[in-house]
Amino acid sequence: MVVIAEQLNHLVQARYHRWKSADLPGSIRRELKNLKSSEITDRFYTYLNFGTQGMLGKIGAGTNRMNKYTVGWVTCAFALDLLEHVHLARQRGVVIGYDSRQYSKEFAEHSALVLAEMGVNVYMFQETRPTPQLSFAIRWLHAAAGVMITAGNHSSDYNGLKILTEDGTPMQQTMADRMMQVLEGKENELVIPVMELELAKESGRLKFIDGELDEAYEQSLRFAGFSHEPNFISAPIKVLYNPLQGKGGDVVCRALSSMGFTEIRELPERLRPNPYFFQMNSLDLDDPAMMEPTLEMARTYRVDLVLITNVETNELNLLVRDYRNGTYVSLSGNQLGALMLDYLCSGRTRRGLLPPNGVAVKTVLTTELAASIAESYDVGLVNTLHGFKHIAAKMAYYEKTAKQSFIFGFDEAGGFVAPGFVRDKDAAQASMLLTEMAGYYKARDLSLLDRLEQLYEQHGYFAEDRIMIRFSGLEGLLQIRNVMDRLGDEYPSVLGGLKIRWICNFNRGEMRKYSRGRLTPAEIPKADLLKFIFEDDSWYAIRPSASDTVLKLYFGSRGETRAECRDKLARIRSEVLYTVESII
């Protein structure tokens, strides 16, 4: 251990002194000079983690931070991979978008200039845009790939870089692995060449995207559901919209108005994106403290729906007014996914448009209510690994092979997509669909809460929950790894009074079934994930975050009654948390 610690310290000091001795801007040199010993270690003991989600981390100087040098380092590897594996990549170019965070525009511009220097054409948005619009733009421009500068739901001191492929889908593991090999051979991120901005514009390497693409995207949004069809009957819906200072405010409100929903109110202090997320203590869509100002306004105007989209406008939360008592009920991503799947299937069935080879796609960390709904419409249901990239890959595959017709997809993070024009989760599209759905049911004297209860009465009761346990630094990573290893090797046959039927160790690509005391193996895709399924189809799962020192726990229960379902969920959650905490 002493030898390993000495080697790590030598590596840290070598990287730190390389940065200190380089010709860097004065602000970065001052930042480096004022670092404490522990901060130096944290910033230089590794490079920012890179995977299928791209790169994400705190903003600052160092190899383990988001800055223009680490952005350039990854962009260079991305360009080399693109030029080798994508036909006419240099001419087709790369689309670059960015959100409202600190340095997002600067990082986007730096990425563009690295690509330009390497001879790749770049199409860059002049202002912030929703992440799903980048997916749309790649396909609309027939570009070779896309880059999005964003950090999802992380706090304002974070930023990141995502990569989308030529079909508008998030980068898959094979490409990430190839890029990692390139990055391992590029140790000096400080010497990546860039083209001068004016030269890039004058040479035509860098072009800015105009409003025509915005119009095309918003036009496509209007066809997410059925409201554009003749004889569609809907009641007026009052909507309060909170874009959390993301760019979704412009897009969602215009699209809703175009569909005939004109009673839309917005939180005024949220409509102007602020890089520090002014007056916002949290970006968690489920955080009650974040919701309270929105709810206060909702009660004042007695709106039917409260739509809240994240900064990227690719995930959302929905609150529905309970007409019986005037309160607002938050529907989970699992409940919304089930409602939207049912609405799309029933709407197509009424119109005789439900394809015989229809398929819905969800991740293994989402509700099994969706499986029962799909079966009731004779629609196939496919479970993928966690992360929307796997759903996007299925969409692209179905489009290419025409073997199955994609109907709907949703993931464990509140991301949704209907068929059509994007290959990434799209909260703007989901907002259109949910508002249309609320209007449809209101015209029939039902609320979304009423329709959800009908689904429970038809299919049984389901409940889900998720918990995040945060760690910090290198020690936190080791603790997370220890939990995953221990739970992968030591698991009970009974938990919370429920017998376990399946043990799914995705890390080993192995699925085992309890049968008369014996374990029967079966192959499953590999991922850093454990899932345990009980005999009644209740379940729990655990995985580390790919981009942060966080352990994520997921729970799902099933019962004949709401009370039974909630009781099972509480027992499973309590025992799993106790087990994890005892290991930590």
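The values are calculated or read from the model by the stated rules, or taken from the named source; none is laboratory data. Since the model is a prediction, treat every value here as computed from it, not as a measurement. When we count neighbours, we look across all protein chains shown, and the Cβ atoms used for this are built from the backbone with ideal geometry, even at glycine. Ligands, DNA and RNA are excluded from the accessible area calculation, which covers all protein heavy atoms including side chains. Shrake-Rupley method; radii C 1.70, N 1.55, O 1.52, S 1.80 Å.
Restricted to Cα atoms, region 392-434 shows a radius of gyration and a Dmax of 10.5, 30 angstrom.
About its Cα centre, region 83-197 has a charge dipole of approximately 380 debye under the convention of +1 per Lys or Arg Cβ and -1 per Asp or Glu Cβ, with nothing else charged. Positive end of the dipole of the chain (Cβ unit charges, origin at the Cα centre): among LEU478, TYR103, SER493, the Cα lying farthest that way belongs to SER493.
With a/c under 1.5 counting as rounded, go ahead and sort region 59-129 into rounded, prolate or oblate using the C-alpha gyration tensor (a ≥ b ≥ c being the square roots of the eigenvalues; past the cut-off, prolate if a/b is larger than b/c, else oblate). Oblate shape, in that a/c is at least 1.5 and b/c is the bigger or equal ratio. For region 314-359, place one equal point scatterer on every Cα, skip the solvent, and apply the Debye formula. What is log10 of I(q)/I(0) at q = 0.30 Å⁻¹? Debye intensities relative to I(0), on a log10 scale: -1.02.
With coordinates expressed along the principal axes, the C-alpha atoms belonging to region 366-487 extend over 56, 37, 27 Å, beginning with the largest.
Annotation: peptides 62-74, 190-202, ranked by per-residue average of other Cβ atoms within 10 Å with the highest first, follow the order 62-74, 190-202.
Its Cα centre serving as origin, the chain has a Cβ charge dipole (Lys and Arg +1, Asp and Glu -1) of approximately 480 debye. On the chain, 49 percent of the accessible area sits on carbon and sulfur atoms, based on a 1.4 Å probe. Computed over protein heavy atoms with a 1.4 Å probe, the accessible surface of region 44-158 works out to 29 Å² per residue. Gyration tensor analysis over the Cα atoms of region 453-493 returns equivalent ellipsoid semi-axes of 35, 16, 5 Å (largest first, whole Å). For the set LYS499/LYS568; LYS68/LYS162; LYS362/LYS394; LYS499/LYS531; LYS105/LYS207; LYS20/LYS105, the pairs lying more than 18 angstrom apart at their alpha carbons are LYS20/LYS105.
Contact order, relative form, for the chain: 11 percent (alpha carbon pairs under 8 Å, 6 or more residues apart, mean separation divided by residue count).
Among 23-31, 254-262, sorting by the average number of other beta carbon atoms lying within 10 angstrom of each residue, highest first, gives 254-262, 23-31.
Amide H contacts of THR384 (H built 1.01 Å from N, in plane; Pro and chain starts excluded): LYS362, THR363, VAL364 sit under 5 Å, all sequence-distant by 5 or more or on other chains. What is the distance in Å between the Cα centroid of region 455-474 and that of region 339-361? That distance is 26 Å.
The mean of 1/r over all distinct Cα pairs in region 463-570, once inverted, gives the Kirkwood hydrodynamic radius of 14.8 Å.
Per residue of the chain, the DSSP helices (runs of n ≥ 4 H) give a summed -39500 (n - 2.57) that works out to -13500 deg cm²/dmol at 222 nm. Going by the alpha-carbon gyration tensor, a ≥ b ≥ c the square roots of its eigenvalues, is the chain rounded (a/c under 1.5) or, if a/c is not under 1.5, prolate (a/b greater than b/c) versus oblate? Oblate, because a/c is 1.5 or more while a/b does not exceed b/c. Applying both filters, DSSP loop and at most 15 other Cβ atoms within 10 Å, to the chymotrypsin sites (Phe, Trp or Tyr not before Pro) of region 296-341 gives TYR323. Taking a span of 24 Å or more along the helix axis (Cα atoms) and a mean Kyte-Doolittle hydropathy of at least 1.6 as the rule, no DSSP H helix of the chain qualifies. Among 207-216, 435-444, sorting by the average number of other beta carbon atoms lying within 10 angstrom of each residue, highest first, gives 435-444, 207-216. Here region 332-464 is treated with +1 on each Lys and Arg Cβ and -1 on each Asp and Glu Cβ, and its dipole about the Cα centre works out to around 560 debye. Tell me which of GLY93, TRP19, GLY57 sits at the most positive position along the dipole axis of region 12-102, charges placed on C-beta atoms (Lys, Arg +1; Asp, Glu -1). The residue sitting farthest along the positive end of the dipole is TRP19.
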